[in-house]
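One structure is given below, encoded as structure tokens.
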Amino acid sequence: MLRIPCPCCGPRDHDEFRYGGDASVPRPAPDDPDPEAWHAYVYRRQNPKGAHREYWQHVLGCRQWLVVERDTVSHRIGSVVMAREWQA
Ligand SMILES: [Zn+2]
């Protein structure tokens, strides 16, 4: 069972969260007209083995967006921070 330690609510089952994607992909500027930059942002992923940073939203709790470091092999959770406080 995957449990995510929410900074607001404490450890909770992952069923309370919504996966939000790869947190390591930089988002282009809102007015960036380059379709290749947007294609890379939306579709290209590395699918790494090991530690990976991901967005998760605590939808059945505080509803905050988090950046969770999760090992994609063992599912061990490393750091968890509020997305609004995270610096890529
Ligand atoms: Zn929470």
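Bear in mind that the values in this text are calculations on the coordinates, not laboratory data. Note that this is a predicted model, so its numbers are computed, not measured. Cβ placement follows ideal geometry from the backbone for every residue including glycine, while neighbour counts extend to all protein chains displayed.
Summing -39500 (n - 2.57) over the DSSP H runs of n ≥ 4 in the chain and dividing by its residue number, what mean residue ellipticity at 222 nm do you reach, to the nearest 500 deg cm²/dmol?
Details: 1 runs with 9 residues, N = 88.
Calculated at 222 nm, the ellipticity per residue is -3000 deg cm²/dmol.
Cys6's amide H: which non-local residues (gap 5+, or another chain) put their own amide H closer than 5 Å, with H modeled 1.01 Å from N in plane and none for Pro or chain starts?
Those lying under 5 Å, H to H, from Cys6 are Arg12.
What does the charge count near Ala37 come to, summing +1 for each Lys or Arg and -1 for each Asp or Glu among other residues with Cβ under 14 Å from its Cβ? Numbers along the way, then the final one.
Values: positive: Arg27, Arg44; negative: Asp31, Asp32, Asp34, Glu36.
Taking every other residue near Ala37 into account, the sum is -2.
Pick out, from Leu66, Cys6, Pro35, the residue whose Cα sits farthest towards the positive end of the charge dipole of the chain, with +1 on the Cβ of Lys and Arg and -1 on the Cβ of Asp and Glu.
Among Leu66, Cys6, Pro35, the one farthest towards the positive end of the dipole of the chain is Cys6.
Which whole-Hz couplings ³J(HN,Hα) result when phi for each residue of segment 32-46 is put into the Karplus expression 6.51 cos²θ - 1.76 cosθ + 1.60, θ = phi - 60°, listed in order with x for Gly and Pro?
Taking θ as phi minus 60°, the curve returns 6, x, 6, x, 5, 5, 6, 4, 4, 5, 7, 10, 7, 9, 8 Hz for segment 32-46.
What length, rounded to one decimal in nm, is gained on full extension from Trp38 through to Arg76, with 0.36 nm per residue of separation minus their alpha-carbon distance?
Value of the extension gain: 10.6 nm.
Once you list every other residue whose beta carbon is under 10 Å from the beta carbon of Trp65, what net charge do they have if Lys and Arg are +1 and Asp and Glu are -1?
In short, +3.
Distance in nm between label sites at Glu69 and Arg45, each 7 Å beyond Cα in the beta-carbon direction?
2.1
What's log10 of I(q)/I(0) for the chain at q = 0.14, 0.18, 0.19, 0.23 Å⁻¹, Debye sum over Cα points only, no solvent?
Summing over Cα pairs of the chain leads to -0.53, -0.81, -0.88, -1.13.
Given +1 on the Cβ of Lys and Arg, -1 on the Cβ of Asp and Glu, and no further charges, what dipole in debye does the chain carry about its Cα centre, rounded to the nearest 20?
In total the dipole reaches around 320 debye.
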